[in-house]
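Just below is one structure, and these are the notes that go with it.
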Amino acid sequence: MEDIEKSLEVLNRGGVILYPTDTVWGIGCDATCTIAVERIYAIKRRCETRAMLVLVDGLDMLAQYVEHIPAIAVQLINEATRPLTIIYPKAKNLASNIIASDGSTGIRIVNEPFCNALIKTFGKPLVSTSANISGESAPATFDEISEDIRSAVDYIVRWRQNDRLRATPSSIVKLSEDEGIYTVIR
């Protein structure tokens with residue numbers, strides 16, 4: 001698929017893509033590349049103290065980027081009826097500017113076919129943040145993405161640009177360092 005090949009070229013050189021996720025359209029980059037993450041903060045005009053989330057392709061990849069996957073996280077993932085982002089207390093092996101000051105990072109196992117294939121092929125997690133300037137509404141369709149965002153990225157994925165289904169953000173749960181305890185954020 002041409003979109004995968006072109007996205008990989010951009011990601012491998014530390015670039016930024018605009019792509020469909022299992023929720024809203026996202027701005028993404030290699031989640032292990034500090035310079036690429038800095039660029040997304042600049043594109044969004046967002047303060048670096050506001051963390052962005054990371055997408056992985058499954059539990060095996062997730063295990064490479066968090067200290068521990070508690071049983072409650074696996075249970076929540078298996079029972080989720082919509083996309084679920086989990087904030088894990090101890091992230092590792094990610095760009096330092098994607099990890100919150102308390103050491104946590106929001107990570108979601110993605111089920112959208114393009115995203116999943118891209119992450120599997122890339123072999124690393126992707127940053128995913130809504131395709132909007134910070135403080136503005138997240139676009140529910142490709143057509144709602146501003147020209148400021150479109151012109152700032154290195155590649156725009158063609159897959160699902162004509163999809164008119166209105167997307168919604170994921171549910172968010174924050175795990176406590178105490179095993180089995182979590183808080184529903186959204």
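The values are calculated or read from the model by the stated rules, or taken from the named source; none is laboratory data. It should be emphasised that the depicted structure is a prediction, and the values quoted were computed from it without experimental measurement. Quick reminder, even Gly has a Cβ in these numbers, built from the backbone with ideal geometry, and neighbours come from all protein chains shown.
Here's the yes/no breakdown for (1) closer than 24 Å to LEU175 by Cβ; (2) over 15 Å from the mean Cα position of the chain (by Cα); (3) of a type outside the set (Asp, Glu):
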site: GLY14; (1), (2), (3): no, yes, yes
site: TYR19; (1), (2), (3): no, no, yes
site: ASP22; (1), (2), (3): yes, no, no
site: ALA36; (1), (2), (3): no, no, yes
site: ARG50; (1), (2), (3): yes, no, yes
site: ILE69; (1), (2), (3): yes, yes, yes
site: VAL74; (1), (2), (3): yes, yes, yes
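Taking region 1-23, which residues are in a helix (DSSP H, G or I) and within 21 Å of ARG108 (Cα to Cα)?
Answer for region 1-23, where residues must be in a helix (DSSP H, G or I) and within 21 Å of ARG108 (Cα to Cα): ILE4, SER7, LEU8, LEU11.
Here is a list: LEU94, LEU62. Which entry is part of a helix (DSSP H, G or I), under 13 Å from LEU126 (Cα atoms) and at pLDDT 95 or above?
LEU62
Out of LEU126, LEU59, report the one residue that is touching a residue at least 40 places away in the same chain (Cβ under 8 Å), surrounded by 20 or more Cβ atoms within 10 Å (Cβ to Cβ) and under 17 Å from the mean Cα position of the chain (by Cα).
Only one candidate passes the filter, namely LEU126.
Please go through region 2-30 and pick out each residue that is aliphatic (A, V, I, L, M) and closer than 21 Å to ILE145 by Cβ.
Within region 2-30, ILE4, VAL10, LEU11, VAL16, ILE17, LEU18, VAL24, ILE27 meet the criteria.
Among the residues of region 18-37, write down those that are over 19 Å from PRO83 (Cβ atoms) and either in contact with a helix residue (DSSP H, G or I) (Cβ under 6 Å, 6 or more places away or on another chain) or polar (S, T, N, Q) (or both).
Result: CYS29, ASP30, THR32, THR34, VAL37.
Here are some residues: TYR41, TYR88, TYR65, TYR19. Which one is touching a residue at least 40 places away in the same chain (Cβ under 8 Å), more than 23 Å from TYR182 (Cβ to Cβ) and surrounded by 21 or more Cβ atoms within 10 Å (Cβ to Cβ)? Reasoning before the result, please.
Numbers: TYR41 fails: surrounded by 21 or more Cβ atoms within 10 Å (Cβ to Cβ); TYR88 fails: more than 23 Å from TYR182 (Cβ to Cβ); TYR65 fails: more than 23 Å from TYR182 (Cβ to Cβ).
Exactly one of TYR41, TYR88, TYR65, TYR19 is touching a residue at least 40 places away in the same chain (Cβ under 8 Å), more than 23 Å from TYR182 (Cβ to Cβ) and surrounded by 21 or more Cβ atoms within 10 Å (Cβ to Cβ), namely TYR19.
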